[in-house]
Amino acid sequence: MTAPTSATDVNQPTLQPAAPTGRRLSWPVLLLAIAGALALTSIVRLITGADGITNVSQMSTALQLAVPIGLAGLGGLWAERAGVVNIGLEGMMILGTWFGAWAGFQWGPWTGVVVGIIGGCIGGILHAIATVTFRVNHIVSGVAINILALGITRYLAPLAFEGHAGGSAKQSPAVDSLGHFTVPGLSDGLRDLNNQGWFFISDIAGLLGGLVTNVSWLTLIAIALIPGTWWILWRTAFGLRLRSCGENPVAAESLGVNVYKYKYIAVIISGGLAGLGGVFLSIVANPFYLEGQVSGRGYIGLAAMIFGNWMPGGLALGAGLFGYTDSLNLRGGSTNVHALLLLGALLLIIGAIWLVIRKKYAPSMITAVVGALVYTWYATTNEVPNQVVSATPYVVTLVVLTLSAQRLRMPKADGLPYKKGQGK
């Protein structure tokens, strides 16, 4: 962090958190990589005949499953950019599901959205008190939030839902829909183009069709939060101060930044975003609260944030990837996952060739061997067990984090305890 010559004017963006190390992909290169991956997927679709891997319904489902993961990851990004590790995202999502459904079935779905966000914020406040004020280990506090949220909702569910039509000790009554929209003409046109089965063009049509067909209004809000977060954190003085607390809180305090205040704000916003992800699960994905419906998405959201290198755009790509693999459970699971074995084998072989070009011979050999094994699995079987289909999102999470680990750079003070005035 570079300190200015004068610390008198803290209203100007004078703090400069260190830039991430390593090379960043430019937008043209990133778009080219995405197009290449889509073209490779199209080739796999043509070879295997698994048309479901890129059809409109698959992409629409993937988008719906990616939203709660992305919101949880966005919550983690806000907290960690301010220097607070938030393992408690899972618990904050659980609070969002319960509070959202509880208020939603009584006073309407949009009221449920607001109350669910407040429920997540309550978890954020508890985490901030523990980690910022009392400097409790961030991991311990996050795990405690997860356990506490599970216990609270399990205790309150029978009291709030039993006795109402459709309610039980583990499920809330149904919540009215927030509403969906489909772009007239464009949606049908893209679906027809997708059904043609043409190379690449039909796959792009399937991807775009999923973005304009039966999309919830809450999905639009969630998508808008991605660029909104980027603009606030990287283009405003408020965001600069908040990020400085995650890079070098001592230098930030020396320039007049109230580090405690910004950490509290960040963690509370983090809880609210995770709560919104929980609301999405209990009002949009399912029109009711159901015990256990978060099902580890808070942790996958954290993985998406790490995959995205603590940046909103990368986080969105990670959430989309995990949402897509999760959607395979719902639509043509065994057939589609079997086809993805071929895609995985091809990607591994391409990776091995790239490593050879970079003169990393040992890793390239290992990658090539793994790719050959995956291809053998594909070639010698016609389907994969249901257990593999269910585990696919979690396996992809581990593989992606393993492959991307060397280029990651977290905020320098992330997870470190900080006491006001410690730099004096």
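The values are calculated or read from the model by the stated rules, or taken from the named source; none is laboratory data. This is a predicted model, so every value here is computed, not measured. Areas reflect the complete protein model, heavy atoms only, side chains present, ligands, DNA and RNA absent. Shrake-Rupley method; radii C 1.70, N 1.55, O 1.52, S 1.80 Å.
At a glance:
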quantity: Estimated translational D of the range 337-424 in µm²/s (Stokes, Kirkwood radius over Cα pairs; 10 °C; 1.306 mPa s); calculated: 101
quantity: Phe181 accessible area, 1.4 Å probe, all protein chains in place, Å² to nearest 10; calculated: 50
quantity: Per residue accessible area in Å² of the chain, where ligands, DNA and RNA are left out and the probe is 1.4 Å; calculated: 46
quantity: Contact order relative to length of the range 124-190, as percent, for alpha carbon pairs under 8 angstrom and 6 or more apart; calculated: 15
quantity: Per-selection Kirkwood Rh - the range 28-87 (Cα, Å, 1 d.p.); calculated: 14.2
quantity: The chain - mean residue ellipticity at 222 nm from DSSP helices (-39,500 (n - 2.57) per run, n ≥ 4, rounded to 500); calculated: -22000 deg cm²/dmol
quantity: Anisotropy class of the chain from Cα gyration tensor, a/c 1.5 cut; calculated: oblate
quantity: Cα-only radius of gyration and Dmax that characterise the range 25-155, units Å; calculated: 19.7, 58
quantity: GNM result for the chain, Cα springs below 10 Å: residue of Leu355, Leu302, Leu186 fluctuating most strongly; calculated: Leu355
quantity: Calculated Rg and Dmax of the range 91-161 using C-alpha coordinates, Å; calculated: 13.0, 39
quantity: Fraction of accessible area attributable to carbon and sulfur, the chain (%, probe 1.4 Å); calculated: 67
quantity: Cα pair distances of the range 67-110 binned at 5 Å [whole percent]; calculated: 6, 21, 22, 19, 16, 10, 5, 1
quantity: Calculated from backbone phi, Karplus (6.51, -1.76, 1.60) coupling profile of the range 66-72 in Hz, x at Gly/Pro; calculated: 6, 4, x, 5, x, 5, 5
quantity: For the chain: lysine pairs under 14 Å (alpha-carbon distance), excluding those fewer than 8 apart on one chain; calculated: 4
